[in-house]
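A.B. asks: Structure incoming, see below.
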Amino acid sequence: VNNQNMKDCIDLVIVTNEPFPYGAAATNRILTYSSELSKNKRVKVLIVKPTELPSNIINNQVLGVFANIEFKYVNNTTIWPQKSSKVVKGYRLLKGLVLTILNLRSIRPKSIVMAGVSSSSHSLLLRFLIIFFSKIYKIRIYQEMSEYPPIQKKKGISKFYKNVHLKLYCQLDGMIIMTRELSKYFNDLGQPYIFHLPMTVDFKRFEVSL
């Protein structure tokens with residue numbers, strides 16, 4: 001490995017469907033730990049799909065650095081085609097999946113965190129692809145969760161589909177969890193490696209190794 005590659009090495013990539021750098025609670029959670037990690041690690045956020053509605057555009061930069069955290073909207077636009085057809089929307093989602101994997105392949109980070117990834121069909125495919133990618137390239141893969149899996153509350157969903165969603169949590173190298181109750185839930189589900197990270201955490205008490 002040459003010196004340039006060492007210099008350009010990214011320690012952590014956070015993959016999310018949430019708006020960045022400005023957003024609500026989920027965005028703030030990402031900023032909470034990534035801004036601290038970025039003090040001595042190189043951190044990059046990949047936003048899989050456009051997050052802004054045309055009538056309310058808050059994030060308009062597709063590429064940049066915020067609080068020492070690099071970020072990129074892989075679709076090369078922040079604006080979701082709200083009034084477009086389902087075909088156009090589906091194309092944006094599929095394009096985001098493909099470009100996310102291509103970006104990860106190019107970056108080859110030491111670790112990946114999936115954050116703000118819900119229980120939609122799009123997110124299931126995203127999670128599966130990233131976990132599969134991480135196994136091939138021997139990259140540590142984690143998921144941040146602040147609530148119980150939404151798939152549990154959805155009606156009309158087959159038991160098999162729910163089981164696939166839940167089993168994927170056991171394929172991770174670990175999880176970042178906000179509450180003790182959630183930690184117990186995912187422990188019982190079969191995920192033994194839990195990093196409890198409450199929003200009020202004092203980072204000086206932790207030595208984070210990526």
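A.B. asks: If you scan the range 103-118, which residues turn out to be over 14 Å from residue 42 (Cα atoms), open to solvent by 30 Å² or more (accessible area, probe 1.4 Å) and under 15 Å from the mean Cα position of the chain (by Cα)?
C.D. replies: In the first step, residues of the range 103-118 are kept if they are over 14 Å from residue 42 (Cα atoms); the result is 103-106, 114-118.
Now drop any that are not open to solvent by 30 Å² or more (accessible area, probe 1.4 Å), which leaves 105-106, 118.
Result: 118, single match.
A.B. asks: If we keep just the residues of the range 76-100 that are under 24 Å from residue 23 (Cα atoms) and of a type in the set (A, V, I, L, M, F, W, C), which is surrounded by the fewest Cβ atoms within 10 Å (Cβ to Cβ)?
C.D. replies: 94
A.B. asks: What is the one condition in (1) aromatic (Phe, Trp, Tyr); (2) closer than 18 Å to residue 30 by Cβ; (3) open to solvent by 20 Å² or more (accessible area, probe 1.4 Å) that residue 71 does not satisfy?
C.D. replies: (3)
A.B. asks: Taking the condition of being of a type in the set (Ser, Thr, Tyr) and open to solvent by less than 40 Å² (accessible area, probe 1.4 Å), how many residues in the range 44-68 meet it? Even if it seems obvious, please write down each step before you answer.
C.D. replies: Taking the range 44-68 as the starting set, the residues that turn out to be of a type in the set (Ser, Thr, Tyr) are 51, 55.
Those still in the list that are open to solvent by less than 40 Å² (accessible area, probe 1.4 Å) too: 51.
The number of residues fulfilling the criteria is 1.
A.B. asks: A further question on this structure: Just to be sure before I move on: is residue 172 surrounded by 12 or more Cβ atoms within 10 Å (Cβ to Cβ) and under 16 Å from the mean Cα position of the chain (by Cα) in the structure I sent? Walk me through how you get there before you give the answer.
C.D. replies: Values: surrounded by 12 or more Cβ atoms within 10 Å (Cβ to Cβ): yes; under 16 Å from the mean Cα position of the chain (by Cα): yes.
Yes: the conditions hold for residue 172.
A.B. asks: Same structure, new question: Considering each of 142, 148 in turn, give the residue that is aromatic (Phe, Trp, Tyr), under 16 Å from residue 169 (Cβ atoms) and open to solvent by less than 60 Å² (accessible area, probe 1.4 Å). Break it down into steps so the answer makes sense when it comes.
C.D. replies: Values: 148 fails: open to solvent by less than 60 Å² (accessible area, probe 1.4 Å).
Answer to the check: 142.
A.B. asks: Suppose we filter the range 39-53 for residues that are over 15 Å from residue 115 (Cβ atoms), assigned to a loop (DSSP other than H, G, I, E, B) and touching a Pro at 6+ places or on another chain (Cβ under 8 Å); how many remain? Don't jump to the end; show me each part of the working.
C.D. replies: First, pick out the residues of the range 39-53 that are over 15 Å from residue 115 (Cβ atoms): 39-42, 50, 52-53.
Okay, now just the ones that are also assigned to a loop (DSSP other than H, G, I, E, B), so 39-42, 50.
From the residues that got through so far, the ones that are touching a Pro at 6+ places or on another chain (Cβ under 8 Å) too are 50.
The total comes to 1.
A.B. asks: Of all the strands (runs of 3 or more DSSP E) wholly in the range 60-132, which have at least 2 residues that are without any contact (Cβ under 8 Å) to a residue 12 or more places away in the chain and of a type in the set (D, E, K, R)? Break it down stepwise before answering.
C.D. replies: Working: elements: 63-66, 69-73, 111-115.
Of the strands (runs of 3 or more DSSP E) lying wholly inside the range 60-132, none has at least 2 residues that are without any contact (Cβ under 8 Å) to a residue 12 or more places away in the chain and of a type in the set (D, E, K, R).
The values are calculated or read from the model by the stated rules, or taken from the named source; none is laboratory data. What you see is a predicted model, and the numbers here were worked out from it, not measured in a lab. Cβ coordinates were reconstructed from backbone atoms using ideal geometry, including for glycine residues, and neighbour counts include every protein chain displayed. Surface accessibility is based on the protein's heavy atoms, side chains included, excluding ligands, DNA and RNA. Shrake-Rupley method; radii C 1.70, N 1.55, O 1.52, S 1.80 Å.
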